[in-house]
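Notes for the one structure printed next.
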Amino acid sequence: MRKGTSKDPGKDEILRPIFELHAKDRNPRWRAILLGFFWPGLESIHYKKRDWEPDPDDRWQNIVWIFLDVLCRIDVERRSSRLVQKIFNDTIHRLHDEYRRTSARTIQEIPSEPEEIEFLSGGAEDVAFAEIDFCEEREKEIKRLREHVEAGRIGEADFLLLVGTKVYGKSISEYAREAGLDYQSVKKRRLRAEAVIRRFMEKTR
């Protein structure tokens, strides 16, 4: 996987069955394997896009998070060749869009007290999530979160994070460890996704 060019058809032969299995079971081990495959390329993006984000730790976490989200969206039935090139292109394009949105939000942001931000962002456990005890209710919650993905409000990686930590009760540290991500990065990502959903719900009331 680390030799040759992105157009090497042998790489597609390796990646296709992995993506097919990942689409079926969403096992985080597949993402860990793919992260190992693409690690040198992600390091290259990290170096080349340093002008987009001066903080190297934040830049790396954003790259990895977006990369994992790209993996979750790959459909080998629609795109079965040149998968390496598609993954890198999508990661770079999504990273660019993320920093463009972040820049726009920074300009529009109004300073708030930390306690207010934590409350609005869902820093406290949502009672509705905590009371999900039955499979039927759990499936409804998963369906609701899926609708937010389909509407483009949150990404696939955000969806998996919320399902894992909110619906099935994994701790943030446990989820971060399984995904190979930094705890603070996962925590911020969950708060951000919750805030997006909360703002949408407030608008529709």
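Readers should treat all values here as calculations from the given coordinates under stated rules, not as data from a laboratory. Values in this document were obtained by computation on a predicted structure and should not be read as measured data. Neighbour counts are summed over all protein chains in view; Cβ atoms, including those assigned to glycine, are modelled from backbone coordinates with ideal geometry.
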query: In straight Cα distance, which lysines are under 24 Å from K7, not counting same-chain residues fewer than 8 positions off?
result: K48, K49, K86
- prompt: What is the spin-label model distance, in nm, from R199 to R79 if the labels are put 7 Å beyond Cα along the C-beta direction?
  reply: 2.7 nm
Sites matching GluC sites (Glu not before Pro) across the range 1-86 that sit in DSSP coil, with at most 15 neighbouring C-beta atoms within 10 Å: E77
statement: Expressed in nanometres to one decimal, the distance between label points 7 Å along Cα→Cβ at D51 and R138 is 4.9 nm
task: Sequence neighbours fewer than 8 away in the same chain don't count; with that in mind, list the lysines whose C-alpha is under 17 Å from K170.
output: K187, K188
